[in-house]
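The values are calculated or read from the model by the stated rules, or taken from the named source; none is laboratory data. Since we're looking at a predicted model, the values are computed, not measured. Ideal geometry is used to build each Cβ from the backbone, glycine not excepted, and the neighbour counts take in all protein chains shown.
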Amino acid sequence: MANENNRVRLKGTLCELPSFSHRIYGEGFYSMVLAVPRLSGAADYVPITVSERLLTGIDAEYGQNLAVDGQFRSYNNYSDTGSRLQLTVFTKSIENIEEDDISEPNDIFLDGYLCKEPIYRQTPFGREISDMLIAVNRAYNKSDYIPVIAWSRNARFCSGLPVGTHIKIYGRVQSREYQKKTEEDYIVKTAYEISASKLEMPEE
């Protein structure tokens, strides 16, 4: 995986059992959720997509500790209400681990291009944030569109970048709950994004 432009490694606890998702060229794929611990003691709940072939020989029961290597991918999920960007970790390898092995549990690297103007804002407590959308090329002329947030000094730097900028991002996958208003009430939904800890601008 050394030369790939999209790689993620997660270690965590299985909190949603594998359920059948879809089949491509005769190969079945399953969806599950991994609870990945943060230093704060909270957890990110990250969706995982894994081939039935890779699940062979894996103990995928609730509460099992797993290490997953793969890529963070996006798909358009079409429904009656329109198209929605769906994000998941596409698994390249998976293994059972002991609880003591869950160190440095969340690590991602992306090498892509800015495909929307960054949105710079401040939290009510004055913390600076820039929201970005990064296009990462994939095989067969496909791309993944991945939301990224940068903080503080990185947020200020990103706020002035033009669309098309080549950028490398190091960070972690995070989940975030938010409320969405419906006609009758509010519903709680989950957003997934990359929290950037380091940015690099490659020399072309």
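Across the range 161-178, which residue is farthest from TYR113 (Cα to Cα) among those that are surrounded by 10 or more Cβ atoms within 10 Å (Cβ to Cβ) and free of Cβ contacts under 8 Å to residues at least 24 places away in the same chain?
This residue is TYR178.
Which residue, of ASN141, ASN137, is touching a residue at least 60 places away in the same chain (Cβ under 8 Å), over 28 Å from LEU39 (Cα atoms) and not assigned by TED's automatic domain parsing to the domain that holds LEU85?
Only one candidate qualifies: ASN137.
If you check ILE48 against the conditions, is it over 29 Å from ARG156 (Cβ atoms), in contact (Cβ under 8 Å) with a residue 12 or more places away in the chain, surrounded by fewer than 17 Cβ atoms within 10 Å (Cβ to Cβ) and among the aliphatic types (A, V, I, L, M)?
no
Tally up the residues in the range 51-68 that are touching a residue at least 24 places away in the same chain (Cβ under 8 Å) and either under 14 Å from LYS92 (Cα atoms) or of a type in the set (A, V, I, L, M, F, W, C) (or both), please.
To start, the set of residues in the range 51-68 that are touching a residue at least 24 places away in the same chain (Cβ under 8 Å) comprises 51-55, 58-68.
Restricting the remaining residues to those that are either under 14 Å from LYS92 (Cα atoms) or of a type in the set (A, V, I, L, M, F, W, C) (or both) gives 51-55, 58, 60, 66-68.
Here the count works out to 10.
Taking only pairs six or more apart or across chains, which ones have beta-carbon atoms under 6 Å, a first residue in the range 113-134 that is outside the structural domain of VAL163 (by TED's automatic domain parsing) and within 14 Å of ARG153 (Cβ to Cβ), and a second residue that is modelled with pLDDT of 95 or more and in a strand (DSSP E or B)?
Listed by first residue and then by second, the contacts come to nothing, as the list is empty.
Across the range 193-204, which residue is surrounded by the fewest Cβ atoms within 10 Å (Cβ to Cβ) among those that are in contact with a Lys or Arg (Cβ under 8 Å, 6 or more places away or on another chain) and in a strand (DSSP E or B)?
Checked the range 193-204; the qualifying residue surrounded by the fewest Cβ atoms within 10 Å (Cβ to Cβ) is GLU200.
Could you tell me whether any residue of the range 95-107 is surrounded by fewer than 17 Cβ atoms within 10 Å (Cβ to Cβ), in a loop (DSSP other than H, G, I, E, B), among the hydroxyl-bearing types (Ser, Thr, Tyr) and over 21 Å from the mean Cα position of the chain (by Cα)?
no
Residue pairs, Cβ under 6 Å, 6 or more apart or interchain, first in the range 83-112 and in contact (Cβ under 8 Å) with a residue 12 or more places away in the chain, second assigned to a loop (DSSP other than H, G, I, E, B). List them.
Within 6 Å, the pairs are ILE94/ILE58; ASN96/ASP59; ASP111/ASN5.
Out of curiosity, is GLN71 in a strand (DSSP E or B), surrounded by 16 or more Cβ atoms within 10 Å (Cβ to Cβ) and either over 14 Å from the mean Cα position of the chain (by Cα) or at negative phi (or both)?
So GLN71 passes the test.
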